[in-house]
1. Checking the conditions here, which among Gly235, Gly265 is in a loop (DSSP other than H, G, I, E, B), surrounded by fewer than 16 Cβ atoms within 10 Å (Cβ to Cβ) and of a type outside the set (D, E, K, R)?
2. Of all residues in segment 183-216, which are in contact with a strand residue (DSSP E or B) (Cβ under 6 Å, 6 or more places away or on another chain), closer than 12 Å to Asp233 by Cβ and part of a loop (DSSP other than H, G, I, E, B)?
3. If you go through segment 222-230 one residue at a time, do you hit one that is of a type in the set (Phe, Trp, Tyr), crowded, with 19+ Cβ neighbours inside 10 Å and modelled with pLDDT of 95 or more?
4. If a residue counts only when it is at pLDDT 75 or above and within 30 Å of Lys154 (Cα to Cα), which strands (runs of 3 or more DSSP E) contained entirely in segment 1-114 have at least 2 such residues?
5. Could you grab the pairs with beta carbons closer than 7 Å, sequence gap of 6+ or different chains, first residue in segment 241-269 and at positive phi and at pLDDT 95 or above, second one small (Gly, Ala, Ser) and not in a helix (DSSP H, G or I)?
6. Looking only at segment 268-281, count every residue that is polar (S, T, N, Q) and surrounded by 12 or more Cβ atoms within 10 Å (Cβ to Cβ) and tell me the total.
7. When residues of segment 115-137 are filtered for being out of contact with any strand residue (DSSP E or B) (no Cβ under 9 Å at 6 or more places or on another chain) and either buried (at least 17 other Cβ atoms within 10 Å of the Cβ) or modelled with pLDDT under 80 (or both), how many remain?
8. May I ask you to list pairs of residues, at least six apart or on different chains, whose Cβ atoms are under 6 Å apart, with the first in segment 285-299 being surrounded by fewer than 21 Cβ atoms within 10 Å (Cβ to Cβ) and the second being of a type in the set (Lys, Arg) and part of a loop (DSSP other than H, G, I, E, B)?
Amino acid sequence: MELNDNVLINVVDHTNQVVASSYIYFNSNTATNNPSETRDEYRLYITNEINTNRDLFKPDDIITFTKYKIEDEIYYKLTLFTAHENNAQYKLLKGALKEKQSGVRAVNHLLAEIDTFEFLRCDIEVSDEKTIFPAQTIDKMIENQTDIFNDLEKVAKEDKEVPEDETGLIKSNNFRDIVLFAYMGKCAITGKSITYSSLSNLEAAHIMPQAHNGPDAIPNGMALSRDLHWAFDKGFFTIENISDSYIVQVHDNVKENEVMKEIAGQKIFTPSDPRFRLHINALNYHKEHIYGTFKQIRSKP
């Protein structure tokens, strides 16, 4: 089981801006001061971009997140019901929470079908602007991905359950967005991109492939144009860390290719935040298992 698994979810706030927020399942045995204790709790971190002055939410207020799927993207519309208003909708939600209580343990959340609370159903407008990635979200994500690169060979051999809901889709979409954010919306090799409105030729390439359980973590991602992403996944070239510079190494079998000639030996763009830079263990994994294979990535080693 993955410890303190972290997922980014797109929260649509009260101003209709989309803010990537960390949703974390805390289950690590060392998550508390007592190593013998365990945790079993879920937390969603509401960032300063949503609660700017830290005064938006008051005790006994109720927050709902209504799930929407728009063009294969998952969004959660945030709605606030205040204890101060104490209207019919607030009372209905409060009553549902009370019914959920078991024994003396207080229940402060529940999962329900939209039909149960029809007043939560509404049309939403998602801003055309890019998703906001707050510093808080990035810090929390990095914090909970500290150890995932320790033993990638072991990670690749693990059998992971395929989620029944859209959790994987959420992770994948946010991985792309945050990697492109880290690389400033430009290809790491060419330094260019083709964009128009929401269209772009950029993709987020996994260094250690998803098919090998490669993590959706920024140090395992690089922004590449579609053709170079395809070539990277097939092992036409890899990236080597040489004296803290990231250099393109083209395989001998394709070094005469015109495109490969242009990028061979080239130094790629390095994100200014060192936490975003490609992890040496992920690069080593790609070089050992993908580089020079010239085949579709389908299975684990």
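The values are calculated or read from the model by the stated rules, or taken from the named source; none is laboratory data. All values reported here derive from a predicted model rather than from experimental measurement. Ideal geometry is used to build each Cβ from the backbone, glycine not excepted, and the neighbour counts take in all protein chains shown.
1. Answer to the check: Gly265.
2. Selection gives Gly214 alone.
3. No, there is no match, as no residue in segment 222-230 is of a type in the set (Phe, Trp, Tyr), crowded, with 19+ Cβ neighbours inside 10 Å and modelled with pLDDT of 95 or more.
4. 5-12, 18-26, 41-44
5. none
6. 2
7. Counting residues in segment 115-137 that are out of contact with any strand residue (DSSP E or B) (no Cβ under 9 Å at 6 or more places or on another chain) and either buried (at least 17 other Cβ atoms within 10 Å of the Cβ) or modelled with pLDDT under 80 (or both) gives 1.
8. Short answer, once both residue conditions are applied: Phe294/Lys234.
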